[in-house]
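To start, the structure itself, in structure tokens.
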Amino acid sequence: MARVVVLSQRPQWPPLSSPHLRHDGQFQLFDSMTLHGSPEVSHREDFVFPESADRVMWFVVHSIVTNEGRSTARIRIAGDGEFYEGESPLLPGETIPLPPLASEWRADGTYLYREHVLRPGQTALFRWAASKTVAGWTVDHPEGGPPRAGVNLEVFDSAAHGIIDTVKMEVRAWSLEAVRNRAEHWRLTENDVGVTVVVWPTERRYLAEEPPSE
């Protein structure tokens with residue numbers, strides 16, 4: 001069976017944001033037009049609520065995934081992300097090719113839900129976005145701790161029908177702080193000490209064991 005291992009770099013700092021991008025519709029953060037209009041957040045920039053509360057702010061994370069199993073895997077990113085060709089400090093001295101596409105799950109031509117093929121022993125590079133509203137990055141997570149956001153990497157084993165592995169990846173970040181003596185003003189912290197990335201253990205589902213939907 002396929003078995004993937006994911007390693008991640010630290011989230012890029014500073015995060016990105018756009019004054020024209022709000023969490024009230026569908027968007028792709030790695031679209032060239034979106035990236036072009038989304039500069040890094042400045043330490044001198046204040047987010048003033050409520051005007052800026054719904055703006056999107058996101059961290060870009062570069063990761064690698066390796067198929068350490070014995071069969072070919074089909075992989076996709078559930079969320080904002082993309083695979084690419086290039087190099088990584090996690091594997092210095094290597095140029096890692098873009099894994100070939102397996103199929104497209106959407107007819108509109110977007111990248112979302114496209115599957116790539118990863119053969120045994122192969123590694124692929126991908127980047128993903130951890131996005132929330134600006135207001136969302138200022139509020140404790142409901143389960144405790146810092147705000148968090150991320151994506152899932154979904155793995156389908158071509159040699160074992162009905163098995164889906166999911167690797168959850170998330171950024172946890174205290175990245176915004178209230179501006180002293182200025183009500184409803186928030187500003188980026190001086191550094192990324194409070195920003196971490198977490199890769200959760202793989203969760204496996206066997207579709208054959210799930211009851212049919214009514």
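Surface composition of the chain: carbon and sulfur make up 50 percent of the accessible area, probe 1.4 Å. Have a look at ARG44, ARG172, ARG187 and tell me which one the Gaussian network model of the chain (Cα, springs below 10 Å) gives the largest fluctuation. Judging by the Gaussian network model, the answer is ARG44. Highest mobility in the GNM of the chain, judged by mean-square fluctuation with C-alpha springs under 10 Å and restricted to LEU125, LEU98, LEU29, is found for LEU98. Taking only the alpha carbons of the range 1-77, we obtain Rg and Dmax values of 17.0, 53 Å in that order.
Here the dipole of the chain is about 300 debye; that uses its Cα centre as origin and unit charges on the Cβ of Lys and Arg (positive) and Asp and Glu (negative). Candidates ASN181, PRO92, GLN28 compared by Cα position along the dipole of the chain: farthest toward the positive end lies PRO92, with charges placed on Cβ.
Measuring only protein heavy atoms, the 1.4 Å probe finds LYS168 accessible over about 90 Å². The Cα trace of the chain gives Rg and Dmax of 18.7, 61 Å, the first to one decimal, the second as a whole number.
Surface listing: ARG114, ARG3, ARG205 arranged by accessible area from highest to lowest gives ARG3, ARG205, ARG114, probe 1.4 Å.
Considering only ASN181, ASN152, ASN67, the Gaussian network model of the chain with Cα springs below 10 Å gives its largest mean-square fluctuation to ASN181.
Taking a probe of 1.4 Å, how large is the accessible area per residue of the chain, in Å²? Mind showing how you got there, number by number?
Numbers: 11700 Å² over 214 residues.
For the chain, the per-residue accessible area is 55 Å².
The solvent-accessible area of GLU68, taken with every protein chain present and a 1.4 Å probe, is close to 100 Å².
The values are calculated or read from the model by the stated rules, or taken from the named source; none is laboratory data. In this text, all values refer to a predicted model and were calculated from it rather than measured experimentally. We place every Cβ from the backbone using ideal geometry, glycine too, and count neighbours over all the protein chains shown. The protein model used for the area step is the full one, side chains on, heavy atoms only, and it has no ligands, DNA or RNA in it. Shrake-Rupley method; radii C 1.70, N 1.55, O 1.52, S 1.80 Å.
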